[in-house]
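Take a look at the structure set out below.
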Amino acid sequence: HTRVLTGITTTGTPHLGNYVGAIRPAIQASRGANVDAFYFMADYHALIKSDDADRVEASRLKITASWLAAGLDPDRVTFYRQSDIPEVPELMWLLTCVTAKGLLNRAHAYKAAVDRNIENQEDADAGVTAGLYMYPVLMAADILAFNANKVPVGRDQIQHIEMARDIAQRFNHTYGREFFVMPEALIEEQVATLPGLDGRKMSKSYDNTIPLFEGGAKGMREAIMKIVTDSRAPGEPKDTEDSALFTIYKAFASPAETGAFAEALHGGLGWGEAKQVLFERIDSEVAPMREKYEALMASPGQMEDILLAGAAKARAIAGPLVETLREAVGLRSAR
Ligand code: TYM
């Protein structure tokens, strides 16, 4: 049996990077035989990045609707909101107490903040919350509360999964039993990092995203037209190696279609036309989901019911596991 788990932080609007890096492969994985899937809204993680309550709430609705519109079946998948599972923050504390501070010092997100401060000649920890510092432990708790063994994520999350393994190992070792299995990252090799409009990783923080549903087909087309290309004119052969446009196309097309597209570009297809081809390719996959997305966004109560039912299923798994851990660390007497 494989237990697959992944989450998306509820800040911002879901974009094509989230879709090809997490949502699409996770839904595919959930359809496999002998797979138990756990997918959730990482809303506690959102508080690390945003103190704008309205934004966190709006984002949760959009991301919930995106998963469902993209074909997630809540009867098949345990689909929930992180903050409905009190076992997660409880487990986080148990893990915190066996986590080396030095491990967290090495986390990319924390280190990047410190490096930025030093570069700006500020105090190393200026503006850094304890929440950002503890981020990897919260993520380890998400995974370990369900003993998930496969975690489909984009490449940017690999270090977090490695840290979850370190922390799990340390807990097992400290308390002398295999409480936790070692989780592994599951990376879609072909689309490990989807580039954004400017060629850097598509990311809310770079403001270079193509929204998945927001703005409709029109908004998606407008965004695609803004993808940065080189200045080669129509008729000149195009380089597909470093082209964000081509890399995005590849994430949405079969190998045969991708080959044909490469040939057309090498043969001088203009970037404007190429963008139209890319738009049509993506839209043919996304358009059928859009209507469902709109309908869900218009009925938040329905989404709330789905998430609460998912939370009940999730707690039925995490509850007994955390109870075992309470006993193991001496908080409760084993009966
Ligand atoms: P988040 O919300 O930043 O991103 C959600 C998922 O989308 C993937 N992703 C991408 N994949 C390919 N190309 C891109 N340009 C791109 N941008 C984002 C991310 O790799 C991720 O898989 N900490 C996590 C959320 C989280 C989580 C967890 C994940 C919390 N707890 C437990 C797995 C297991 C995050 O902030 O992802």
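All of the numbers you see were taken from the coordinates with simple rules; none came from a lab. It should be emphasised that the depicted structure is a prediction, and the values quoted were computed from it without experimental measurement. Cβ sites come from the backbone with ideal geometry, for glycine too, and all protein chains shown count toward neighbours.
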Sequence of TRP271, TRP93 once ranked by neighbouring C-beta atoms within 10 Å, starting from the fewest: TRP93, TRP271
Distance from the stretch 297-335 to the stretch 138-171 (C-alpha centre basis), Å: 18
Top positive-direction residue, dipole computed over the chain with Cβ charges, set ALA113, ALA274, THR2: THR2
Formal net charge of residues neighbouring ALA113 (Cβ-Cβ distance under 14 Å; K, R +1; D, E -1): -1
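Roughly what percent of Cα-Cα pairs across the chain reach past 28 Å?
46
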Extended-chain gain in nm, criterion 0.36 nm per residue less alpha-carbon gap, VAL329 and SER299: 6.4 nm
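Using the Cα gyration tensor of the stretch 53-99, with a ≥ b ≥ c the square roots of its eigenvalues, what is the shape: rounded (a/c below 1.5), prolate (a/b larger than b/c) or oblate (neither)?
On the way: a/c = 3.38, a/b = 1.67, b/c = 2.02.
Since a/c reaches 1.5 but b/c is at least a/b, the shape of the stretch 53-99 is classed as oblate.
Nearest 5 is fine: what % of DSSP beta bridges in the chain come out antiparallel, could you say?
Numbers: 2 of 19 bridges.
Beta bridges within the chain, antiparallel portion: roughly 10 percent.
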Angle in degrees between helix 108-119 and the longest Cα principal axis of the chain, rounded to the nearest 10: 70
Excluding exposed DSSP-loop GluC sites (Glu not before Pro) (at most 14 other C-beta within 10 Å), longest clean stretch of the chain: 1-121
Hull-based mean projected area of the stretch 215-294, where the convex hull spans the alpha carbons, in square nanometres: 5.2
For LEU194, LEU308, LEU103, order by how many other beta-carbon atoms lie within 10 Å, fewest first: LEU308, LEU103, LEU194
Dipole moment magnitude, nearest 20 debye, the stretch 230-319 about Cα centre, only Lys, Arg, Asp, Glu C-beta charged: 420
Gain upon complete extension [VAL128, SER205; 0.36 nm per residue less C-alpha separation]: 26.1 nm
For the chain, built as a Gaussian network whose Cα springs stay under 10 Å, the top-fluctuating residue of GLY216, GLY199, GLY127: GLY127
Anchor LYS204: lysines whose Cα lies under 26 Å away (excluding residues fewer than 8 positions away in-chain): LYS49, LYS62, LYS111, LYS150, LYS218, LYS226, LYS250, LYS275, LYS292
